[in-house]
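No lab work stands behind these numbers, since they all come straight from the coordinates. Because the structure is predicted, anything quoted here is derived from the model rather than measured. Positions of Cβ are backbone-derived with ideal geometry, glycine not excepted, and every protein chain shown enters the neighbour counts.
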Amino acid sequence: MRVPDKNLAEIWDRGFTVLPGFIDKESLAAAREALWTIHPKPEDYFADPGKYPKYANSQFAGIQLFPFDRWELNRLAVYPDLIDLAERFLKTKEIDLYKSELWAKYSGAINYDQFHHRDYRNHTIVVPREDQMNAQMTTFILLSDVTSTDGPTKVVPLSETRDIPMGKARTKFGEMFDKEVSVEGPAGSLMVYKTDVFHRGSNFTAPERARFAILTDFKSRAWRWQGKLAWPDHSEKKTWDEAIAKMSVRQRDLFGFPPPGSEYWNAQTLRDVQTRYPDLDMTPYRETVAA
Ligand SMILES: O=C(O)CCC(=O)C(=O)O
């Protein structure tokens, strides 16, 4: 679903927005099916949590970085309506997808409660500008229904925190609990917030519940001091090759893949990139190189 302008305006005004029904039904069903090849279904996990000790290691133990093991999940990180939103939010097509994670949480594995924080501390080496210039856009796509008991993200609207200087990124646990909004929605919902928005992960409040989400973040290409992951460091995974081959020219560009017409392309690079990615259709790149 194309994100309506009113949701975009809400990100600027309130700091966040939630949009149910963002992912089409077919893509969502395929992603959920693929999910169970990476993480246990809730009924399997709760039948014997001891079989899956890794989820108890830390709040972040259920995170897999992009590329995920299945294309049906990877393609949600580059979902065309998400790219459209990022371009509209960042007011340019020159954008980077700078982080994507698949995150599984299971009730009782560990306490998922966090203090409120602004995410910028590991998304830039400086701080966001108060005038919102080149703000970064962080997103959650919910792959499972999230109700009040399912460890929803708790977000504090910007109107409540405007007086807190940008240099302060963390609060004491419990501070602002009375101001937070619980982000809930059915599987397929999109949640978007900015990196200057105070929010926190919360714990499950019911047994045998689980939460699954894909968290993908975008930035303008203009500022090198923003970012999180270096894609070449993740490009040796087998599913990276598959994703590169299956993505469109537009989607590849989000990761810094040289676009058609780039000075990078010549007869040698066309040949050798094809060797690296045998399934990649090089036509759009070849067409811009003089024979
Ligand atoms: O998982 C969530 O709902 C939020 C997590 C979060 O804010 C964080 O880990 O920085």
- prompt: Under a GNM of the chain (C-alpha, springs under 10 Å), which listed residue has the highest mean-square fluctuation: Leu65, Leu270, Leu280?
  reply: Leu270
statement: Between the residues Pro49, Val183, Gly167, the Cα farthest towards the positive end of the dipole of the range 5-230, that dipole coming from +1 and -1 charges on the beta-carbon of Lys, Arg, Asp and Glu, is from Gly167
query: Sorted by packing (mean other beta-carbon atoms within 10 Å per residue), highest first, where do 186-192, 237-243 land?
result: 186-192, 237-243
- line: Helix 25-35: inclination vs the chain longest Cα principal axis, degrees, rounded to 10, gives 80 degrees
- request: Return the single residue from Ser220, Ser262, Ser182 with maximal mean-square fluctuation; model: Gaussian network over the chain, springs between Cα atoms under 10 Å.
  value: Ser262
query: Suppose every K and R has +1 on its Cβ and every D and E has -1 on its Cβ; what is the size of the dipole of the range 129-274 about the Cα centre, in Debye to the nearest 20?
result: 240 debye
- request: Compute the distance in nm between two label points, each set 7 Å from the Cα along the Cα-to-Cβ direction, one at Tyr277 and one at Lys25.
  value: 3.3 nm
query: Once Lys and Arg get +1 and Asp and Glu get -1 on their Cβ, which of Ala267, Ile214, Met282 lies farthest toward the positive end of the dipole of the range 192-291?
result: Ile214
- prompt: Near Glu184, within a Cβ-to-Cβ distance under 9 Å, what is the net charge of the other residues, with Lys and Arg +1 and Asp and Glu -1?
  reply: -2
query: Nearest 10 degrees, 0 to 90: what angle lies between the long axis of helix 267-276 and the longest principal axis of the chain (Cα atoms)?
result: 50 degrees
- prompt: For the chain, modelled as a GNM with alpha-carbon contacts under 10 angstrom, which of Pro53, Pro128, Pro40 fluctuates the most?
  reply: Pro53
query: Based on the Cβ-Cβ distance from Arg121 to Glu208, what FRET efficiency comes out when R0 is 35 Å, to the nearest 0.05?
result: 0.55
- prompt: Under unit Cβ charges (Lys, Arg +1; Asp, Glu -1), what dipole magnitude, rounded to 20 debye, does the chain have relative to its Cα centre?
  reply: 540 debye
Unit charges on C-beta of K, R, D, E only; dipole of the range 59-104, Debye: 60 debye
task: Could you work out the relative contact order of the range 5-230, using alpha carbon pairs under 8 angstrom and six or more residues apart, expressed as a whole percent?
output: 34 percent
- line: From the Cα centre of the range 187-261 to that of the range 1-65, the distance in Å is 13 Å
In nm, spacing of pseudo-spin labels at Gln114 and Met166 (7 Å Cα→C-beta vector): 2.1 nm
task: Just need log10 I(q)/I(0) for the range 81-126 at q = 0.14, 0.21, 0.30, 0.33 Å⁻¹, Debye formula, equal scatterers on the alpha-carbon atoms, no solvent, rounded to two decimals.
output: -0.61, -0.97, -1.12, -1.15
message: So for each of 197-208, 135-146 I average, over its residues, the number of other beta carbons within 10 Å; can you give me the resulting order with the highest mean first?
response: 135-146, 197-208
Degrees separating the helix 5-14 axis from the principal Cα axis of the chain, which is the longest one: 50 degrees
- request: Under 12 Å from the Cβ of Val146, count the other residues' Cβ atoms, weight Lys and Arg +1, Asp and Glu -1, and hand me the total.
  value: +1
query: Given 5 Å bins starting at zero, what is the percent of C-alpha pairs of the chain in each, up to the one with the largest pair distance?
result: 1, 5, 11, 15, 17, 17, 13, 9, 5, 3, 2, 1, 0, 0
